[in-house]
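Worksheet: the structure to be examined is printed underneath.
Read the figures in this text as sums done on the coordinates, not as results from a lab. On a predicted model such as this, the values are computed, not experimentally measured, just so you know. Cβ sites come from the backbone with ideal geometry, for glycine too, and all protein chains shown count toward neighbours.
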Amino acid sequence: MLLKGVQLLRNGLVAPPKSYNFRLVCRALSVQYGDGKALTPAVRDYVDKCVNLCQPERVHICDGTQAESKLLQSLMLKQGTIQPLPKYDNCWLARTNPADVARVESKTFICTERKEQTVPVTAKGTPGTLGNWISEKDLQAAIGERFPGCMKGRTMYVIPFSMGPVGSPLSKIGIEITDSPYVVESMKIMTRAGTPVLQVLEKGDGQFVKCLHSVGNPANGVHAHKSWPCDPERTIILHKPAENEIVSYGSGYGGNSLLGKKCFALRIGSTIAKREGWLAEHMLILGITNPQGKKIYVAAAFPSACGKTNLAMMTPTLPGYKVECVGDDIAWMKFDSQGVLRAINPENGFFGVAPGTSTETNPIAMNTIFKNTVFTNVAGTSDGGVYWEGMNEAQIKDVTVTDWLGKLWSKESGKPAAHPNSRFCTPASQCPIIDPAWEDSAGVPISAILFGGRRPTGVPLVYEARDWEHGVFIGAAMRSEATAAAEHKAKEIMHDPFAMRPFFGYNFGDYLAHWLSMEKRGQLPKIFHVNWFRKSAEGKFLWPGFGDNSRVLDWVFRRVQGENCYEESPIGRLPSKDALNVAGLKGNIDLKQLFELPKEFWQQEVNEIEQYFETQVGDHLPRPVAKQLAELKKRVANM
Ligand code: OXD
Ligand code: MN
């Protein structure tokens, strides 16, 4: 049991709280909102343990209703956490403590009995970059140092939520305990939350993922930021896959606190998927219909802030094509009894990066986000609207702008108005091109998987893996420029295998073996690598991207249908001459530069991958992946 902090208390290692059992909780502590009797005995037991540990003043059991949202919105208004945005319909702006603006990978840990179950053994003296392990003892100490009494005087919210459509056989249930009304309201957008989930839990196997979150109570007891309490110095995010348990302390921001997303759907999800024989991936899912009316579904893995939301909601420029969105961030994929790989989007909303989103880059998102949305760390305008870098500047022509820090802003300041990782949190159902099957409990059939990243040099617009094993190698070798979604320096080209580097729930070598094992399970989708971000020697993008990426999807579609429109290259299959439909593209597209494979670049790339595998994955690297690298090395040498 992860919550041994309770035991530490009982052993007298930290000051003992009042001891509650749930019946006492109901009476002495009062369930201030919701129905305590609706909880199953196992949920009640979990809530009881959390109450014992965190000692809140009162308990609120979330029912997921609009009336509840109204209540929490007025509470947050009073606390100054959110402000209304009267220009839009039921939209809100939250400004965080400036020290709490992104996922904190360095403070995110997985706890397993042996370190090797979490991370590969790295070369001597090389720090691992594929996740952080914590021992049971250190995990218990971390909890014991932070959680006892951390909710004193405040409300503990209990959020029953479903990842995936409520009641779907592909869905999983979680219970998030939090002391943040902002988290409650965001979870109600990002997941299916509320009483119906408890009913499914009651009727089903009763299993749920335990998710405890607190914004924290700093060691000195003083919150530096009244309207956004947090404890950045002691923030920690803990996962215990063996117990299906997550404990997060100190941050109210995004993936650190909305525990259904990265913590559950990816880290714990990938471990459940490994046990049960399916895949939990950092992938968007889209449906694409060709001019002949045939439709396929594609999943795509890109690192954070590489345009996943834009691709998932793309408006194709290629005539006759239609794209529909199933999800923009996470895919759970499982072979059905016919051997078809089917995917669901376990989420219920989009938590998208705001800067760069505009009517030019993503008109569909712009038509989605101006109702029932919580914006975080964007700028506000004096007419009750929002603004961020890359949005149409006409928006701020006759208004004053208040930046994400709450200060009056002008362009001349040279500072960004919105934080680069500012977000919109908006219901997926509002998306005008949401796929008709997005909530199909059977999932949608996946025909192709795209891997990609920001690669300014050397990597062509698109290439296809020669087979599944080669595709797994391509996923393992993915690299991309760092982004603002986490605490890295931008522009550094980082390894980000499967776009999962911050999200693996277990040893990356075992993860690769699991992917390879899919070959035996059913009909495999084709695998591709895409790069919308290649630049010319002058630093200009060589490809227009956005809606014109439909031209790449058209080639993918035709390859899925078995059209012979490719030629072999040392790195994989490239579109054959004239196979990429560039008709009607504005401006001159230098296809030669876009698809060029400079030998020197690829030699360096292969060396870099070799070095990475050797130092980071070591003996855990499955043989077939090592073989793929050796073969690529040979082909590149003969280029
Ligand atoms: C996200 C991320 O928020 O990947 O989706 O960082
Ligand atoms: Mn993501």
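Details
- The calculated pair-distance distribution of the stretch 539-639 uses every alpha carbon pair, bins of 5 angstrom beginning at 0, and gives 2, 10, 17, 16, 15, 17, 13, 7, 2, 1, 0 percent.
- Taking the three principal axes of the alpha carbon atoms in the stretch 335-458, the coordinate ranges are 60, 41, 23 Å, sorted in descending order.
- Isotropically averaged projected area of the stretch 26-140, using the convex hull of Cα atoms (one quarter of hull area), nm²: 12.0
- Dipole magnitude of the stretch 581-639, debye to nearest 20 (Cβ charges: Lys/Arg +1, Asp/Glu -1, about Cα centre): 300
- Efficiency of FRET from Cβ geometry, Gln66 and Ala219, R₀ 56 Å, rounded to 0.05: 0.90
- Residues Ser422, Ser135, sorted so that the one with the fewest Cβ neighbours within 10 Å comes first: Ser135, Ser422
- Residue order for Arg58, Arg95, fewest other beta carbons within 10 angstrom first, comes to Arg58, Arg95.
- Cβ-Cβ FRET estimate between Ala442 and Asn367, R0 fixed at 35 Å, reported to 0.05: 0.80
- Cα-based radius of gyration of the stretch 186-252 once divided by 2.2 N^0.38 Å, which approximates compact folds: 1.42
- Fewest-first ranking of Thr359, Thr426, using other Cβ atoms within 10 Å as the exposure measure: Thr359, Thr426
- For Trp133, the residues 5 or more places off, or on other chains, whose built amide H falls under 5 Å of its own are Ile110.
- Loop-located trypsin sites (Lys or Arg not before Pro) in the stretch 559-596 whose Cβ has at most 12 other Cβ within 10 Å (DSSP): Lys577, Lys586
- Here the convex hull built on the C-alpha positions of the chain has a volume of 155 cubic angstrom per residue.
- For Gln593, neighbours were defined as the other residues whose beta-carbon sits under 12 Å from its Cβ, and their charges (Lys and Arg +1, Asp and Glu -1) total +1.
- Both radii are taken from the alpha-carbon atoms of the stretch 316-384; with Rh as the Kirkwood radius, Rg/Rh is 1.08.
- The stretch 504-581 shape via C-alpha gyration tensor axes, a/c threshold 1.5: oblate
- Signed unit charges on C-beta, dipole axis of the chain, positive-most listed residue His470, Gly250, Ser106: Gly250
- Tensor-based shape of the stretch 114-254 (alpha-carbon gyration tensor, a/c under 1.5 rounded, otherwise prolate or oblate): oblate
- Degrees, to the nearest 10: 181-190 long Cα axis against longest axis of the chain: 40
- Cross-link pairs Lys334/Lys520; Lys491/Lys586; Lys172/Lys261; Lys203/Lys261 - those with Cα-Cα distance over 23 Å: Lys491/Lys586; Lys203/Lys261
- Percent of alpha-carbon pairs separated by more than 11 Å within the stretch 557-600: 74
- C-alpha long axis of helix 550-560 to longest principal axis of the chain, angle in °: 80
- Taking the C-alpha atoms only, the angle from helix 41-54 to the longest principal axis of the chain is near 70 degrees.
- Label-point gap, in nm, between Asp590 and Ser576 - each point 7 angstrom along Cα→Cβ: 2.8
- Here the average projected area of the convex hull drawn through the C-alpha atoms of the stretch 444-580 stands at 9.9 nm².
- Pair Ser382, Asp398: separation of 7 Å Cα→Cβ label points (nm): 1.2
- Cα gyration tensor category, rounded, prolate or oblate, for the stretch 240-348 with a/c compared to 1.5: oblate
- Placing R0 at 22 angstrom, the Cβ-Cβ distance between Arg114 and Glu243 gives a FRET efficiency of 0.90 after rounding to 0.05.
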